[in-house]
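*Asks:* Got a structure for you, questions after.
Values quoted throughout were computed directly from the atomic coordinates according to the rules given, and no laboratory measurement underlies them. The shown structure was predicted, so the numbers you read here are calculated from the model rather than taken from an experiment. Every residue, glycine as well, gets a Cβ built from its backbone with ideal geometry; the counts of neighbours run over all protein chains shown.
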Amino acid sequence: MGSQMVSTTPHHSGPWEEGDLSLVKLMSHQRQSSNSKVIASSIVNSTKLKNSTMLRIDRNRSNQSRNNDRDNNSHSTTDINIVNGMITPNLSDGTLQGKERLYDMLRTRNITQVDAQYWETIPKWETVIHNIFQRNTDEKVDTNSNNNNNKEYKPIIHGLETCTQFQLGTSTNPTQRRIAPAGMFNTGTNYLSVLLEYNCQNIHRIQSSLFHNNSKRGHGNEWEVPWGKHTPASYRTNYTKQKKNIKYTFEDVLPIVLIRNPYSWLKSMCRNPYTATWNNMHNTKLPCPHISTSSSKTNNDNATAVTVQYGAGKLHYQSLIHLWNEWYGQYYYANINSTPFPRLIIRFEDIIYFPYEVTKQICTCAGATLGHRVDDTDVINGTFHYVIRSAKVGSAHGKQRNGLIDSWLKYGSANPQNAYSTDEIHTLNKLLDPLLMTTFGYG
């Protein structure tokens, strides 16, 4: 019952989708041809070397990633072979240690070389784990191990006890089963949708007379839940976002709700608020998010009030913090305070660092099959399709287009609380729902 820590048995049989050409060099041994191209990083433009060169790099160089890697306490130098600004990470020169999990994913798509400067900034696995799981300060990590990648650390998934309920409720016609993302703005719903479309298939639906094994059309994954992925769960049974008539009911859909560390999410909302508005939101001289602390000059509730325009109408919240509490509370407490309905709540951070493990659990819960589409010729049959390109398109999503490798660096390099003062953290800890925070490893 409740949230569970899901096993993370290593799985390294999946390729990466070509993308983020500014970050990696694709060495495709599967598709060699006379006109094959070497894709190099844009960073190389300023650091490109004409010939293979042995460079001595200070392994204790001062930068944010190095400061965050707590296991790097010694000062040493290592000869690293850099060719045209690119390296092949390996344990012998120390460039692979602590980054094996990410590199294993890259190698499954025959990406063997990476930009040297960029790779240097990527946090080690210990740093990632420390920042995405808020643990007791007394808990230690074995820094002497070269393979901490999959030990002890598991994605947190809430609602697995509702999987049987969903499968039984759709057992009379399993071809109607759908999986669909839901979540607040800035929580990776688009990325999850693409990940599921590539890797999770409703075999009952694909093999039906309606689709005749056409997995591209019959995989059973929807872009969003019928009531709208950003719409609160309270509208689940009385509002349909889609303008066209859908041929399934809300009971046929297993919502996969993405939740994100509120400390990180608040900052993202400041950068890209979508349809949320608040007083002085465009005043760059004011702090965002505005958190009324004991030392704040103003403690007026109106200064933090938020209005969100959903498809179903406008709703008002006391603050962005209250928006996070109330929005996720409707899904989390659904089986306690109202009529139970199947749903999984999954952490945004886990679909970045545990994409295979999370996808497998979702497919199993929905009675689907883990496996990429037959028409997906970019990957070897039977392998997992890792998605590297940004899934966001359109002006509503802002100017940034961060792929998965960017996300690995962006969300794993630092503790989100580092962006707040001590007073702000104290206030946030008092306002944020304590059960949500502890359940999902955020505090």
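*Asks:* Order these peptides, 126-132, 170-176, 253-259, by their mean beta-carbon neighbour count within 10 angstrom, highest first.
*Replies:* Result, highest mean Cβ count within 10 Å first: 253-259, 126-132, 170-176.
*Asks:* Let me ask something additional. So, by mean Cβ neighbours within 10 angstrom, what's the order for 178-189, 339-350 with the highest one leading?
*Replies:* Most protected by this proxy first, the peptides run 178-189, 339-350.
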